[in-house]
Amino acid sequence: MNLSEKALGIKPSSTLSITERAGVLRKEGKDVISFSIGEPDFDTPEHIRKAAIEAINEGFTRYTPAAGILELRKAVAKKLKEENGLDYDYTQIVISNGAKHSLINSLMAIINPGDEVIIPAPYWLSYSEMVRIAGGTPVIVYTRKEDDFALTRKVLESGYSDKTKAVIITTPSNPTGMVMPEEALREIADFAVEKDIIVIADEIYEKLIYSKDKKHVSIASFGKEIYDRTITVNGVSKSYAMTGWRIGYTASPLKIAKLMSSMQSHMTSNPNSIAQKAALAAIEGPQDCVEQMRVQFEKRRDYIYDRVAKMPYVSALKPEGAFYLFIDFSGTYGKSYKGEKLESAAQIGALLLDEQLIAVVPCADFGMPDYIRFSYATSIENITKGMDRLERFLSELN
Ligand code: PLP
């Protein structure tokens with residue numbers, strides 16, 4: 001049977017195979033500690049859950065407008081104005097089924113066959129596959145640890161061609177946890193305006209920033225020219241511990257918003273009506289729940305970073321946001337573990353799972369094959385146990 005070549009060209013998520021293997025080990029009764037999951041371990045705050053229950057009890061269970069309910073689109077526009085200095089009318093806001101859906105909508109609204117999209121590595125592994133699904137070509141450029149993995153003009157230029165349609169930026173970053181400095185964002189904005197390319201700004205981790213001297217800046221806030229070329233992507237999944245509810249959104253020039261809304265009306269119709277009411281409560285309601293979770297993540301970040309900083313052979317930058325520690329394992333290459341010579345982070349990830357029962361994410365599919373991502377969205381007790389196991393693994397190298 002002749003199946004879709006495009007679909008056949010899409011790689012399944014590599015993180016899933018780790019989750020599967022970890023699941024098998026757990027079924028065998030093994031105490032696996034997971035650092036592989038990219039979602040808050042907290043429950044969705046109570047006032048948000050209540051809003052959803054009320055929506056069900058009030059019968060808010062029918063189709064809504066495809067781009068989302070008016071109140072939510074307006075609440076998002078207000079949030080963007082107050083928190084990000086961005087002026088959007090509600091007609092420019094499209095509510096979708098998670099930020100992932102918002103991202104693929106964005107790409108499908110702008111890409112023609114042959115168009116290239118620059119993706120700075122290390123990058124969240126879905127971006128490259130989403131660009132392919134949308135019919136474009138991902139062009140990977142490599143940021144440097146020495147620059148704290150910030151995207152510089154020089155690195156951006158290295159991926160530019162007359163086919164470049166867009167660049168995707170993520171701050172705070174998955175997988176590095178770094179927050180892009182304002183100067184770097186300004187350089188990207190200048191470049192995008194000069195070359196007339198679109199910026200897709202993934203700001204899903206915006207509220208999870210720990211470094212006192214860092215604050216989140218939205219690239220679209222730098223002036224009309226960049227505003228006219230930016231699609232800002234955000235959502236409630238990470239900030240409000242709402243990953244399962246599936247609500248994300250875009251803010252973009254009206255022309256693009258209309259295209260996304262039109263495509264969405266055929267593909268999925270509206271995002272879940274009840275989840276929209278819950279997202280409304282999240283965005284309009286009290287924000288102390290976000291701060292409480294942020295403080296917990298900060299404690300975990302400090303703890304995991306301090307532990308890893310003292311370990312031999314490995315190194316990491318101190319994450320400034322999100323909930324990932326991005327560890328360089330290249331210093332272990334050439335050493336042996338139980339007679340097996342180490343030569344890649346993928347191999348080390350498999351050993352850590354099978355031998356030490358810690359599930360982690362090797363980052364070849366994030367564009368950095370020497371690194372492993374540890375998500376610290378888990379309890380301090382789990383992090384402590386997991387770090388003891390990592391330390392034991394490293395101490396057994398010879
Ligand atoms: N963007 C980044 C950088 C992410 O890490 C994730 C989730 O892991 C998403 C977007 C997707 O968010 P959502 O769960 O709202 O689809």
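Bear in mind that the values in this text are calculations on the coordinates, not laboratory data. Everything numeric in this text was worked out from a predicted model, so none of it was measured. Here the Cβ is made from the backbone with ideal geometry for all residues, glycine too, and neighbour counts use every protein chain on show.
Volume of the convex hull of the chain (Cα atoms only), normalised per residue: 161 Å³. Normalised by the number of residues in the chain, the mean separation of alpha-carbon contacts (under 8 Å, six or more apart) gives a relative contact order of 23 percent. Judged by the mean number of other Cβ atoms found within 10 Å, the most tightly packed of the peptides 41-50, 236-245 leads the ranking 236-245, 41-50. Could you let me know the centre-to-centre spacing of region 35-49 and region 61-104, using Cα atoms, in angstrom? Between the Cα centre of region 35-49 and that of region 61-104, the gap is 21 Å. For region 43-138, the normalised intensity computed at q = 0.17, 0.18 Å⁻¹ comes to -0.98, -1.03 (log10 of I(q)/I(0), Debye sum over alpha carbons, equal scatterers, no solvent). Stokes-Einstein diffusion for region 135-249, with the hydrodynamic radius set to the Kirkwood value over Cα pairs and evaluated at 25 °C in a medium of 0.890 mPa s, equals 165 µm²/s.
In terms of distances greater than 29 angstrom between alpha carbons, the cross-link table entries Lys215/Lys238; Lys212/Lys335; Lys195/Lys215; Lys50/Lys255; Lys50/Lys207 yield Lys212/Lys335; Lys50/Lys255.
Inter-label distance, Asp306 to Phe60: 4.3 nm, where each label sits 7 Å from its Cα along the C-beta direction. Shown is the FRET efficiency for Glu46 and Val24, computed with R0 = 41 Å from the Cβ-Cβ distance and rounded to the nearest 0.05: 0.70. Go through Gln347, Ala281, Ser106 and say which Cα lies farthest out towards the positive end of the charge dipole of the chain; charges sit on Cβ, +1 for Lys and Arg, -1 for Asp and Glu. Farthest towards the positive end: Ala281. Taken one residue at a time, the phi angles of region 12-24 give Karplus couplings (6.51, -1.76, 1.60, θ = phi - 60°) of x, 5, 5, 5, 5, 5, 5, 4, 4, 5, 4, x, 4 Hz. Gly and Pro are set to x.
The dipole here belongs to region 65-184: it is taken about the Cα centre, uses +1 on the Cβ of Lys and Arg and -1 on the Cβ of Asp and Glu, and is about 300 debye. Phi angles of region 375-382 translate, via the Karplus equation with coefficients 6.51, -1.76, 1.60 and θ = phi - 60°, into HN-Hα couplings of 8, 9, 7, 8, 5, 4, 4, 5 Hz per residue; Gly and Pro are given as x. Going toward the positive end of the dipole of the chain, with +1 on Lys and Arg Cβ and -1 on Asp and Glu Cβ, which of Ala51, Ala364, Ile209 do you reach last? So the residue we want is Ala51. Backbone geometry of region 129-140 corresponds, through the Karplus equation with coefficients 6.51, -1.76 and 1.60 at θ = phi - 60°, to 3J(HN,Hα) couplings of 6, 5, 4, 5, 4, 7, x, x, 10, x, 10, 8 Hz, x marking Gly and Pro.
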